[in-house]
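Visitor: Here's a structure for you.
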Amino acid sequence: MSNLTKLVVNTDAEFEALAASWRLLETQVPQLLPFQTYDWNHAWWQVFSDSSWYHRDELAICTLHEQGQLVAVMPLTNTHVGLHSLFIYRYVRPFGSDPNLTEIRIPLALPVYTETILQQWEDLSRHETFGLTEFQVIHTRQHAARFLASNAAVHPLEARDIPNYILHLNENWASFKSGLKRNIKESLRHCYNSLARDNLSLKLQVWQGSEEIKPKLQEFYALHAARAGAANTVEHPDYFADPKHRAFMTSLLSNDFGQRMRLFSLELDGRVVAMRLAFAMGEELYLYYSGYDLKFARYSVMTTLLAEIIQWSFTQDFKRVNLSVGEDVSKTRWGPAVTEYVEYQCVKNQTWRKTLGSTILKMRKSRRTKA
């Protein structure tokens with residue numbers, strides 16, 4: 001690594017100039033996540049970056065080049081709260097500080113450079129001279145813990161676990177289903193038997209790319225909102241109620257990322273009763289947000305839709321189905337593998353910064369509790 005070069009991108013022009021090398025790096029990284037792609041991050045910056053006299057987002061995209069080739073990139077926002085030159089509080093955190101639209105916010109790196117790119121958090125902390133900066137370090141538990149243990153300049157105040165559940169698809173659907181736990185097997189039998197009992201004909205529709213998905217988005221948003229209003233189940237907010245969040249989806253569909261997008265639709269006797277967005281990421285299908293018609297809840301249509309998606313994934317030669325993040329029974333009962341990510345809120349390792357940072361975190365939690 002003697003020819004390793006560290007560069008921090010600070011301008012929109014420099015960001016856009018990274019497009020070709022960033023996309024090339026995507027093809028070289030195993031198990032690429034949608035949130036690591038250039039197109040996701042560029043769309044995110046265009047939609048969510050903010051600038052006003054008291055709140056200003058600046059680019060701080062950390063890059064590593066080996067002999068002129070991009071080998072790691074960590075897109076960060078440098079957010080000042082207060083006057084720009086005399087800020088009272090600052091966040092330096094990965095792109096994706098949105099209401100859970102960007103679910104996993106880790107750097108994109110060739111495996112051998114994963115820990116090297118994390119070292120740039122230490123470099124950034126050493127430049128801190130005025131005010132309080134909160135650093136948000138996110139990675140797998142192993143890599144994040146190793147970084148914090150070996151970098152004394154950064155002190156963790158709080159940690160949040162982010163479990164990610166992944167199904168590995170081996171052989172075929174019949175073999176996969178035979179290996180499932182008894183409870184999910186019984187649930188699947190109930191799903192399909194209840195439809196047959198009521199003479200409901202099932203069909204899976206798969207929409208792909210901008211031209212096919214855009215006309216279906218309003219129907220998806222309506223079903224997602226209906227799901228958010230469901231009682232006596234796992235609570236899910238309506239993530240697309242905000243027009244800015246819908247604008248972000250439209251932006252993704254309008255760039256090259258749109259070719260990765262899939263929209264699955266479950267129809268019963270020709271009526272759409274459930275939908276789910278997903279992203280085709282090489283050998284992995286990443287399942288995103290969903291929605292369903294509450295009038296058909298008794299048929300467990302979301303379980304049926306997931307089963308149909310898994311069966312479809314076998315026909316498309318996907319090796320994995322990523323069930324996304326968050327621990328709930330709709331994921332864990334399938335017996336998936338789990339990748340443990342962790343998000344650390346950190347400050348520079350100085351007594352007054354640790355004390356003030358801890359106080360601010362407690363105040364933030366108190367506001368959330370009262371809300």
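The values are calculated or read from the model by the stated rules, or taken from the named source; none is laboratory data. Keep in mind that this is a model prediction, so the values were computed, not measured. Every residue, glycine among them, receives a Cβ derived from its backbone with ideal geometry; neighbour counts consider all protein chains shown. These area figures cover heavy atoms from the full protein model, side chains too; ligands, DNA and RNA do not enter into them. Shrake-Rupley method; radii C 1.70, N 1.55, O 1.52, S 1.80 Å.
Visitor: With each pseudo-label sitting 7 Å past Cα toward Cβ, what's the residue 204-residue 332 distance in nm, one decimal?
Guide: In this crude label model, residue 204 to residue 332 measures out at 2.6 nm.
Visitor: In addition: Going by the alpha-carbon gyration tensor, a ≥ b ≥ c the square roots of its eigenvalues, is the range 194-262 rounded (a/c under 1.5) or, if a/c is not under 1.5, prolate (a/b greater than b/c) versus oblate?
Guide: Oblate is the answer for the range 194-262, as a/c is 1.5 or above yet b/c matches or exceeds a/b.
Visitor: Which ³J(HN,Hα) values, rounded to whole Hz and listed in residue order, are derived for the range 101-116 from phi using the Karplus coefficients 6.51, -1.76 and 1.60 in 6.51 cos²θ - 1.76 cosθ + 1.60 with θ = phi - 60°, glycine and proline given as x?
Guide: Once rounded to whole Hz, the list reads 6, 9, 7, 10, 10, 10, x, 9, 8, 4, x, 5, 9, 4, 6, 5.
Visitor: Using 7 Å Cα-to-Cβ label points, what is the residue 181/residue 126 separation (nm, one decimal)?
Guide: 4.8 nm
Visitor: Rg and Dmax of the range 200-346 over Cα atoms: what are they, in angstrom?
Guide: Reported Rg and Dmax, both Å: 15.3, 54.
Visitor: Between the range 88-122 and the range 1-69, what is the separation of their alpha carbon centroids in Å?
Guide: Value for the Cα centre distance between the two parts: 11 Å.
Visitor: Computing the accessible area with a 1.4 Å probe over protein heavy atoms, can you report the carbon and sulfur percentage for the chain?
Guide: Summing carbon and sulfur atoms, their accessible area is 50 percent of the total for the chain.
Visitor: For the range 135-249, what is the relative contact order in percent, using Cα pairs closer than 8 Å and at least 6 residues apart in sequence?
Guide: 8 percent
Visitor: Taking only protein heavy atoms and a 1.4 Å probe, what accessible area per residue, in Å², does the chain have with all protein chains in place?
Guide: 46 Å²
Visitor: Computed FRET efficiency, Cβ-Cβ of residue 368 and residue 67, R0 35 Å: what is it to the nearest 0.05?
Guide: That gives a FRET efficiency of 0.15.
Visitor: Now for a separate question. Between rounded, prolate and oblate, where does the range 161-214 land on the alpha carbon gyration tensor, with a ≥ b ≥ c its root eigenvalues, rounded for a/c under 1.5, else prolate if a/b exceeds b/c?
Guide: oblate
Visitor: With every protein chain present, what accessible area does residue 154 have (1.4 Å probe, heavy atoms only), rounded to the nearest 10 Å²?
Guide: Accessible area, nearest 10 Å²: 10 Å².
Visitor: Alpha carbons only, please: Rg and Dmax for the chain, in angstrom.
Guide: Gyration radius and largest Cα-Cα distance of the chain: 22.1, 70 Å.
Visitor: Hey, could you pull the Cα Rg and Dmax for the range 1-118, both in Å?
Guide: 14.5, 42
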